[in-house]
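Student: Structure incoming, see below.
Bear in mind these aren't lab numbers, they're just calculated from the coordinates by the rules spelled out. The model shown is predicted, which means the values in this text are computed figures rather than measured ones. FYI the Cβ positions are ideal-geometry reconstructions off the backbone, even for glycines, and counts take in every protein chain you see.
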Amino acid sequence: MALTVELGDLLDTAAPPATLAEAAELARDRFGLSGTIRALTGERDRNFHIAETSGGEYVLKIVHPAEDPAVTDFQTQALRHVAMRNGTLATPRAVAPLTGTDDVVWRVPGQADRRLRCYTYLPGEPLHLTVATPSQRQALGQFLARLDQALADFRHPADNHDLLWDLKRAARARDLLADIPDPERRALPARAFDRFETTILPALAGLRTQVVHNDFNPHNILADPTAGDRIAGVIDFGDMVRAPLVQDLATACAYQIQPDGHPLAGPADLVGGFHAVLPLEPAEMAVLPGLIATRMALSIAISSWRAARHPDNAPYILRNQQAAWTGLARLDLLTPGEAQTYLAERIG
């Protein structure tokens, strides 16, 4: 299925700006929070960090006006569900508005309504600034497995919403490769999409399915500043969707291919940690290498398309692209059989 222009426009437009003064007023009036406020980066929403004088830290999120209110609620309720199922997992906690209802709207004359969310702020060092090690990757896999366990029985009416980053629907992103001008370079992600459509997609229907985080990348993961191998938390649940469980693992693995050694050595560390907590089924192991490649192809396609249309935000949009190109090129050298055998031998 080709990606429609309408869907692209909906998902690729940045939210209207909000001033620090406006954000401070919203935090105070809607959530009872006041203190020092600063803007945070974000691709679609407007995010602000609030440091209260009492020591508490929070994130105020002004949601993109095009986001379905049901999807906003889906993300809030998922975080509450995780906290209920596993209170030891370091994830943001949803802060209840003063009104007692989660549907808090900011109305500005002449603009579309925007919904507000507030979460506790997680301290830690962004994982992409740390030194990656096998033990860190194993810890990542263990953390992701516990998160998926906490989400396993969560359901919501909007959990299967239409999401550009939904890996199970990756084939429709093929058209976005048109923004890569070099045909030889473009052929690399195109081959990954070919393999996905012919061998991976038909197998997905028979795999375990649940709500997954779907964006377990080093920019969304925090490490302990005093012990980089210990995972201090995960943030940004904005790409959650109901999907095959192995999709979550493949997405995480796509960011762990190292520049040397076997292409799957880094992912194997993460898969080993995951498998020790939440054992994978043979059919999931079989599609995992292909899904890892598909995630990198999807990242290349979407980021190329968005950067071409928003050059002012290109550095943020393209922050993971070079790693995706390098990793996909290395993985492309393996046959599907070689990749599956390597992972099976490493995991045991």
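Student: Report, in whole Å, the centroid distance computed from the Cα atoms of the range 284-348 and the range 128-187.
Tutor: So the separation of the two Cα centres works out to 9 Å.
Student: For the range 14-120, list log₁₀ I(q)/I(0) at each q in 0.12, 0.19, 0.23 Å⁻¹, using the Debye formula over Cα point scatterers of equal strength and ignoring solvent, two decimals each.
Tutor: Per q value, in the given order, log10 I(q)/I(0) is -0.39, -1.00, -1.41.
Student: Counting helices only, and only those DSSP H runs with n ≥ 4, report the 222 nm mean residue ellipticity of the chain as the sum of -39,500 (n - 2.57) divided by its residues, in deg cm²/dmol to the nearest 500.
Tutor: Value at 222 nm, helices only, nearest 500: -13500 deg cm²/dmol.
Student: Same structure, new question: Taking all pairs of different Cα atoms in the range 125-347, averaging 1/r and flipping that mean, what Kirkwood radius in angstroms comes out?
Tutor: 17.5 Å
Student: Tell me, what is the percent relative contact order of the chain, built from C-alpha pairs under 8 Å that lie six or more residues apart?
Tutor: 18 percent
Student: Pairs of alpha-carbon atoms within less than 8 angstrom and 6+ residues apart define the contacts here; what relative contact order does the range 20-91 have, in percent?
Tutor: Relative contact order, the range 20-91: 18 percent.
Student: I would also like to ask the following. Distance between the C-alpha centers of the range 249-263 and the range 28-79? Whole Å please.
Tutor: After rounding, the separation between the Cα centres reads 32 Å.
Student: If you count, for each residue, the other Cβ atoms within 10 Å and average over each peptide, how do 262-268, 151-157 line up from highest to lowest?
Tutor: By packing density, highest mean first, the sequence is 262-268, 151-157.
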